[in-house]
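A quick write-up on the structure given underneath.
The values are calculated or read from the model by the stated rules, or taken from the named source; none is laboratory data. Here the structure is a predicted model, which means the values were calculated and not measured. Using ideal geometry, Cβ is built from the backbone for each residue, glycine included, and neighbour counts are taken over all protein chains shown.
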Amino acid sequence: MPKPPLLVVCPPNHYVLRNLQTIQDLATIQVGSELSFLEREAPNAEIILYSGLAGKTATLQEIWPFTKRVRWIHSLSAGVEKIIFPELIESPVVLTNARGVFKRSLAEFAVLGILYFSKRVRRLVENQRSHHWDDFSVDMLPGKIMGVVGYGEIGRECAGLAKALGVKIFAVRRRPERNGEDSLADRVFSPAELEEMLRQIDFLVAAAPLTPETHHMLSDREFEAMKPSAMVVNVGRGPVIDEAALIRALQNKRVAAAALDVFEEEPLPESSPLWDMENVLISPHCTDRTRDPDWLDLSAQAFLENFHRFINGQELQNVVDKKAGY
């Protein structure tokens, strides 16, 4: 069987490329990040591996006009809202992504945020720093309710970790009837029932992909529906939450706290009020950047699993619904 031409859109010296050594005899591999190089190599490529996360490169849309034979594109990132465009959507080219690769670390951050505020960790640290013995009350988690918006790979992983701590799970799904045999969710709501769910929960976890339908789906009206004691976690995409509305809700004590890994503008501007809020925990979009195992190695391994499926004529995993945007 002839070796399929693989075009890797990545800086040529990036460490993530070490993962491709295992397939160097199975594919004809070309690696580059400059548009002039990619223009020259794209017409031959049957597979494109788009690194995105691994340094600055030409965009997929810039490369697209030069692709003639491409059958499959894989993104090392889970979010694809920045790389899809009308021509790709309408084409027969299969797009896959890193859906689920980073779910465990993101779920750990979600639980960290919940415990951080439930156990009043900031106060613990400040008391320790000042050598101050200040005994106070903290919350327990059993019986509390987590509401998950975006009940996919990440949302379910968050639910699984929280469930182990005694937290009840509510979830919003676009098609609640698909919940099937899921044993994690105690109750599933449709998008039209979002506010009904929000009124009952103690922790809101936003894990939804960014699409036109999810942009600012959590805004003033939704925060007004929540308990003043509730906290917000975002481990999905920044613009799913209307950040200005969240800041107002925190300032006006409409919600109690927020643990945020993603933001509408990144890096978060120095002028953002979020930096100085004691009821906010900020991660600079790095909670999925694990060291051991390395996060990009994990993502590359997911591509390699799909590569072997591709050359063996098997169905690919993590196929993106290009029209839905995830």
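Consider Leu115 against the criteria (1) at pLDDT below 95; (2) on the phi < 0 side of the Ramachandran plot: it satisfies all of them except one. Which criterion is unmet?
(1)
Of these, Phe203, Phe136, which one is out of contact with any Pro (no Cβ under 9 Å at 6 or more places or on another chain) and touching a residue at least 60 places away in the same chain (Cβ under 8 Å)?
Details: Phe136 fails: touching a residue at least 60 places away in the same chain (Cβ under 8 Å).
The conditions single out Phe203.
May I ask you to say which residue of Val240, Val233 is in contact (Cβ under 8 Å) with a residue 40 or more places away in the chain, over 28 Å from Phe85 (Cβ atoms) and crowded, with 21+ Cβ neighbours inside 10 Å?
So the residue among Val240, Val233 that is in contact (Cβ under 8 Å) with a residue 40 or more places away in the chain, over 28 Å from Phe85 (Cβ atoms) and crowded, with 21+ Cβ neighbours inside 10 Å is Val233.
Among the hydrophobic types (A, V, I, L, M, F, W, C) and either over 29 Å from Leu210 (Cα atoms) or surrounded by fewer than 19 Cβ atoms within 10 Å (Cβ to Cβ) (or both), is that true of Leu35?
Working: among the hydrophobic types (A, V, I, L, M, F, W, C): yes; either over 29 Å from Leu210 (Cα atoms) or surrounded by fewer than 19 Cβ atoms within 10 Å (Cβ to Cβ) (or both): yes.
Taking the combined requirement at face value, the residue satisfies it.
Can you tell me how many residues within the range 26-46 are of a type in the set (S, T, N, Q), assigned to a helix (DSSP H, G or I) and closer than 19 Å to Arg71 by Cβ?
Taking the range 26-46 and keeping what is of a type in the set (S, T, N, Q), we get 28, 30, 33, 36, 44.
Keeping just the survivors that are assigned to a helix (DSSP H, G or I) gives 36, 44.
Right, trim to closer than 19 Å to Arg71 by Cβ and you get 44.
The qualifying residues number 1.
From the list Leu124, Leu95, Leu141, Leu112, which residue is surrounded by 13 or more Cβ atoms within 10 Å (Cβ to Cβ), touching a residue at least 40 places away in the same chain (Cβ under 8 Å), among the hydrophobic types (A, V, I, L, M, F, W, C) and farther than 30 Å from Lys68 by Cα? Steps first, please.
On the way: Leu124 fails: touching a residue at least 40 places away in the same chain (Cβ under 8 Å); Leu95 fails: farther than 30 Å from Lys68 by Cα; Leu141 fails: touching a residue at least 40 places away in the same chain (Cβ under 8 Å).
Going through Leu124, Leu95, Leu141, Leu112 in turn, just one is surrounded by 13 or more Cβ atoms within 10 Å (Cβ to Cβ), touching a residue at least 40 places away in the same chain (Cβ under 8 Å), among the hydrophobic types (A, V, I, L, M, F, W, C) and farther than 30 Å from Lys68 by Cα: Leu112.
Picking from Phe223, Phe189, Phe263, Phe203, which residue would you name as being assigned by TED's automatic domain parsing to the domain that holds Arg122, over 27 Å from Gly143 (Cβ atoms), at pLDDT 95 or above and crowded, with 21+ Cβ neighbours inside 10 Å?
Working: Phe223 fails: over 27 Å from Gly143 (Cβ atoms); Phe189 fails: over 27 Å from Gly143 (Cβ atoms); Phe203 fails: over 27 Å from Gly143 (Cβ atoms).
Criteria check complete, one pass: Phe263.
Go through the range 277-291 and count every residue that is without any contact (Cβ under 8 Å) to a residue 12 or more places away in the chain and either crowded, with 19+ Cβ neighbours inside 10 Å or over 18 Å from the mean Cα position of the chain (by Cα) (or both).
0
Does Glu270 fit the bill of being more than 18 Å from Ser219 (Cβ to Cβ), without any contact (Cβ under 8 Å) to a residue 60 or more places away in the chain and in contact with a helix residue (DSSP H, G or I) (Cβ under 8 Å, 6 or more places away or on another chain)?
Working: more than 18 Å from Ser219 (Cβ to Cβ): yes; without any contact (Cβ under 8 Å) to a residue 60 or more places away in the chain: yes; in contact with a helix residue (DSSP H, G or I) (Cβ under 8 Å, 6 or more places away or on another chain): no.
No: the conditions fail for Glu270.
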